[in-house]
Structures are given as C-alpha cells and as structure tokens.
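The values are calculated or read from the model by the stated rules, or taken from the named source; none is laboratory data. Since the model is a prediction, treat every value here as computed from it, not as a measurement. Because the Cβ atoms are built from the backbone with ideal geometry, glycine has one as well, and the counts that use them run over all protein chains shown.
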Amino acid sequence: MSRRTVLQNHTHFQDQIDNIIQYGLDIINDRLSYFGGDQKQQQKSMLLESLLLRSCALWESFVENEVVFLVALEPTKLKSETGLPQNTRLNLKLIRALLFSDTYRTYYNIEQSKPILNRLLSDKYNLFKQIKKEQLDKISFVYKLRNYLSHYSVFAKRQLLNAYKKHCSYKRFLEPGMFLIKQKGKHFENLIHNFKLTSLSMQVNFK
C-alpha cells in the first residue's frame, strides 16, 4: 500500500466532481441543444437531480475507499478493534472485508461516523479530522435533498423544507431540481463543489 494510492483516490474523485459541475452548469445555462418546448425546465430539473444523486454516490465511494486506504497505512487500531494479533498481515481486500462485509456499514456521514473512524484510524492518518464544520453542514444539506429524492416521504420533505429555511431563508418548498436551477445554478455549484473542497481539505495536510 502506497501513499500515492490515497492521493489518486482524491484526484479521481475531484475530477469526477468537476465534470458533474461543468455538465450541470451547461444544462442550467442552455449550452446544450437538446432542451426545448414547454418541458424545458422540467427536463433540466430532472437531470440536475440525477447529477446530485450521482455526486452523493461518488462521495460515498470516495469515503469508503479512503477509509480502507488510510487503515492500510497504519492498521494497528483495526487489528485491536477486531481482536486480531498485531502480527497479522493485512492486504486491501482483507481490510475491506473486515470493515464492510459483516454487516451493511457506511461512513459517508462523517459527523455520525467520527467515533468509529477515531477507533479505526491512527491520528496521523485520520484525514477526516481536517474537514470543517461548514463543509460537513453543506454535505448534510445535500443529503437532505438526496433523501427526499430517494423516498419522497412526508418526513424527508419536512426535513428538506427545514434545511431550505435554515440555509437559504426559503419559506416555501421547492422540488430539488428547481432549487438547484435557481440563481443560475448558484446552489448547485456551491453544494456540489463543496464535495471537492472537502476532499482538498483532507488532502492538504497528508504528508
């Protein structure tokens, strides 16, 4: 396991987020030729919602890989957590199995995952500690949008409306796609770009 693998994980994720932002802004600013008619805004809205869902999926994949790679750099805590002898030799496949195979587990919600991440990662390689509260708040907001799109439940709608009020001072509910279109894509660009900024803030002190 090399440090280069961790950096490649960041670079790959950041490039994917850049591509999503560019495509989203092309959609919003009418730089694509296949929109038209009365359904134009609805078409844009649906595509932006899809891009938001894809961004969340990429974030989850990035975090999963990041945890595996960082544990591999210093697996002492994982061995203690799982009761393995310290002389046990671990590869990436085995580390991934130990972290994820016994039950469904995900670490994408960093705020909720901090206790377990602190138990798994050495202080030197716990890059998740570099994430700022503002960045975590924006990710939480994105997941309010994502959860509503995933379930369309009354509860998810209420949670999203509360997030609109808190973060944007919006008093009425907007479908996620229409929210992302507003102000020429300001919300879309800001929220999706935050994923990249979060990755960069983790990466900057990786030595």
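Structure above, values below:
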item	result
Which numbered condition L90 fails, given (1) aliphatic (A, V, I, L, M); (2) free of Cβ contacts under 8 Å to residues at least 24 places away in the same chain; (3) not in a loop (DSSP other than H, G, I, E, B)	(3)
Restricting the stretch 1-18 to residues that are of a type in the set (A, V, I, L, M) and either within 16 Å of the chain's Cα centre (by Cα) or surrounded by 14 or more Cβ atoms within 10 Å (Cβ to Cβ) (or both), the residue that is nearest to V204 (Cα to Cα)	V6
Contacts under 7 angstrom Cβ, first residue in the stretch 118-135 being among the hydroxyl-bearing types (S, T, Y), partner assigned to a helix (DSSP H, G or I), 6 or more apart	S122/T76; S122/K77; Y125/L70; Y125/L73
Of the criteria (1) surrounded by fewer than 20 Cβ atoms within 10 Å (Cβ to Cβ); (2) over 21 Å from the mean Cα position of the chain (by Cα), which one S61 fails	(2)
Unique residue being in a loop (DSSP other than H, G, I, E, B), over 17 Å from F179 (Cβ atoms) and touching a Leu at 6+ places or on another chain (Cβ under 8 Å) when the list is L98, L70, L84, L78	L84
Close pairs from the stretch 7-19: first in contact (Cβ under 8 Å) with a residue 24 or more places away in the chain, partner of a type in the set (D, E, K, R) and in a helix (DSSP H, G or I), Cβ under 7 Å, at least 6 apart	N9/E66; Q14/K196; I17/K196; D18/K196
Enumeration of residues in the stretch 138-161 that are of a type outside the set (G, A, S), free of Cβ contacts under 8 Å to residues at least 12 places away in the same chain and either more than 14 Å from L53 (Cβ to Cβ) or not in a helix (DSSP H, G or I) (or both)	Y152, V154, F155, R158
Some residue of the stretch 91-102 being more than 30 Å from K186 (Cβ to Cβ), among the polar types (S, T, N, Q), out of contact with any Ser or Thr (no Cβ under 6 Å at 6 or more places or on another chain) and surrounded by 14 or more Cβ atoms within 10 Å (Cβ to Cβ)	no
Long-range neighbours under 9 Å by Cβ, at least six apart or interchain, first residue under 18 Å from S55 (Cα atoms) within the stretch 186-207, second among the small types (G, A, S) and crowded, with 21+ Cβ neighbours inside 10 Å	F188/G24; E189/G24; L191/S55; I192/G24; I192/S55; F195/S55
Search result, residues across the stretch 162-178 that are in contact (Cβ under 8 Å) with a residue 24 or more places away in the chain and out of contact with any helix residue (DSSP H, G or I) (no Cβ under 6 Å at 6 or more places or on another chain)	E175
Counted residues, the stretch 147-160 - those being modelled with pLDDT of 95 or more and within 21 Å of the chain's Cα centre (by Cα)	9
